[in-house]
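Take a look at the structure below.
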Amino acid sequence: MSQLPADRRETWITGIGLVSSLGDGLSENWVALRCGHINVDLEKYAPWMVHPLAHLNLVSQIPRKGDQRQMEAWQRIGTYAAGLALDSAGIKDNKKILARTDMIVAAGGGERDLDVDAAILTTRADGRSGALNERLMNDLRPTLFLAQLSNLLAGNISIVHGVSGSSRTFMGEEAAGVDAVRIAWAKIASGQSEIALVGAAHNGERKEMLMLYECGGFNLKKHFASVWSRSGGGFALGSGGAFLVLEGRTHAERRGVKPFARLVNVVSGHSSRAVPGGEAFWDWKACSHSGMKTKIALTTMMPTGDSMPPMTAIAR
């Protein structure tokens, strides 16, 4: 691999937290992937389907019941996954490091209160004078918003896990998630940060989300099929959370940590899925066509545990 520019610090992935429909943590997800396991619920939201979140022992990462109660599902997923990443990096209870750990979170618009939405629709249907204003005065959250704000996830991570460096929240899903990792990497590579927690969470088991996607005809319905064997398109929403601890190499070596992988760039793009795996190759091809001198290289490092195979990162 070509050497990094002199002014770019080497960035390592030293912690990973992952929860999905396949399992809780890296080992469960890896075993499920190797076995070809698929977790899909065809009944709860029929005719639509979702990939429901695997069972989580919330107390292990969010010990206070009060904290759990005041979070909606997407916040619990993210806070839990963030705790796994901090555990994986070995900084979960290190207050000195957590106090300067930066955080960048990607989150959607927050979950709505369906009971309030239903009550407002009923009020409008009844046509009672002043009833709508009464509902809005009593049922709006303190933010004057009918949904939870995106930055509540970062706030809860800070409260529960003590991560108290700088904090940013990007509102959105795929693009926001990519940018969150890209900017966290750029801050460390440029020397603006030494260590950062970055990630996202999504709750796909939401009736209003399914309804919105159905309005566009995007939901997969009735029968489940893999992406490559679907006729007529459609997707099944899923729940999951993924967080990384990114760390400058020098900082990680000072505390004697072995990395999962070296991260040297973050790129993204759109393409049609003509063949399995085609999108990844398209991204690199597009970079070359755009005038960027791109080299594809693989950096493989052994993880700290014995249950996972060596992990590979695509680097520029």
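Yes or no: segment 68-76 includes at least one residue that is surrounded by fewer than 22 Cβ atoms within 10 Å (Cβ to Cβ), free of Cβ contacts under 8 Å to residues at least 60 places away in the same chain and either small (Gly, Ala, Ser) or not in a helix (DSSP H, G or I) (or both).
Checked against the condition, which is being surrounded by fewer than 22 Cβ atoms within 10 Å (Cβ to Cβ), free of Cβ contacts under 8 Å to residues at least 60 places away in the same chain and either small (Gly, Ala, Ser) or not in a helix (DSSP H, G or I) (or both), segment 68-76 yields no hits at all.
So, of the residues in segment 204-228 that are part of a helix (DSSP H, G or I) and farther than 18 Å from Ser239 by Cα, which turns out to be modelled with the lowest pLDDT?
Trp228
Out of Ile188, Ile195, I need the residue that is closer than 30 Å to Ile91 by Cα, in contact (Cβ under 8 Å) with a residue 24 or more places away in the chain, crowded, with 24+ Cβ neighbours inside 10 Å and more than 19 Å from the chain's Cα centre (by Cα). Which one? Full working, then the answer.
Working: Ile195 fails: more than 19 Å from the chain's Cα centre (by Cα).
Ile188 is the lone residue from the list that is closer than 30 Å to Ile91 by Cα, in contact (Cβ under 8 Å) with a residue 24 or more places away in the chain, crowded, with 24+ Cβ neighbours inside 10 Å and more than 19 Å from the chain's Cα centre (by Cα).
Considering (1) more than 22 Å from Arg255 (Cβ to Cβ); (2) modelled with pLDDT of 95 or more; (3) over 17 Å from the mean Cα position of the chain (by Cα), say which one Leu56 fails and leave the rest.
Exception for Leu56: condition (3).
Hey, among Gly155, Gly165, Gly90, Gly109, which residue is farther than 18 Å from Ala242 by Cβ and either modelled with pLDDT under 75 or exposed (fewer than 12 other Cβ atoms within 10 Å of the Cβ) (or both)?
Details: Gly155 fails: either modelled with pLDDT under 75 or exposed (fewer than 12 other Cβ atoms within 10 Å of the Cβ) (or both); Gly165 fails: either modelled with pLDDT under 75 or exposed (fewer than 12 other Cβ atoms within 10 Å of the Cβ) (or both); Gly90 fails: either modelled with pLDDT under 75 or exposed (fewer than 12 other Cβ atoms within 10 Å of the Cβ) (or both).
Of Gly155, Gly165, Gly90, Gly109, the one residue that is farther than 18 Å from Ala242 by Cβ and either modelled with pLDDT under 75 or exposed (fewer than 12 other Cβ atoms within 10 Å of the Cβ) (or both) is Gly109.
Can you pull out every residue in segment 46-67 that is under 26 Å from Glu208 (Cβ atoms) and crowded, with 17+ Cβ neighbours inside 10 Å? It would help to see each step written out before you state the result.
Narrowing segment 46-67 to residues under 26 Å from Glu208 (Cβ atoms): 46-56, 58, 62, 67.
Trp48, Met49, Val50, His51, Pro52, Leu53, Ala54, Leu56, Leu58, Ile62 - these are the residues of segment 46-67 that are under 26 Å from Glu208 (Cβ atoms) and crowded, with 17+ Cβ neighbours inside 10 Å.
With the requirement that a residue be outside any loop (DSSP other than H, G, I, E, B) and hydroxyl-bearing (Ser, Thr, Tyr), what does segment 180-203 give you?
Let us first name the residues in segment 180-203 that are outside any loop (DSSP other than H, G, I, E, B), namely 180-189, 195-202.
Result: no residue meets the conditions.
So, in segment 14-45, of the ones that are in a loop (DSSP other than H, G, I, E, B) and touching a residue at least 40 places away in the same chain (Cβ under 8 Å), which residue ends up surrounded by the most Cβ atoms within 10 Å (Cβ to Cβ)?
Ser21
Please state which of the following conditions Glu72 fails to meet, knowing it meets all the rest: (1) modelled with pLDDT under 95; (2) within 15 Å of the chain's Cα centre (by Cα).
(2)
Tell me which residues, restricted to segment 90-112, are more than 27 Å from Gly204 (Cβ to Cβ) and either touching a residue at least 60 places away in the same chain (Cβ under 8 Å) or of a type in the set (Ser, Thr, Tyr) (or both).
Gly90, Ile91, Lys92, Lys95, Ile97, Leu98, Ala99, Arg100, Thr101, Asp102
Residues of segment 200-229 being over 27 Å from Phe243 (Cβ atoms), surrounded by 19 or more Cβ atoms within 10 Å (Cβ to Cβ) and out of contact with any Lys or Arg (no Cβ under 9 Å at 6 or more places or on another chain), which ones?
Asn219
If I go through segment 77-103 residue by residue, how many of them are under 17 Å from Ser60 (Cα atoms) and among the hydrophobic types (A, V, I, L, M, F, W, C)?
8
The values are calculated or read from the model by the stated rules, or taken from the named source; none is laboratory data. Since the model is a prediction, treat every value here as computed from it, not as a measurement. Using ideal geometry, Cβ is built from the backbone for each residue, glycine included, and neighbour counts are taken over all protein chains shown.
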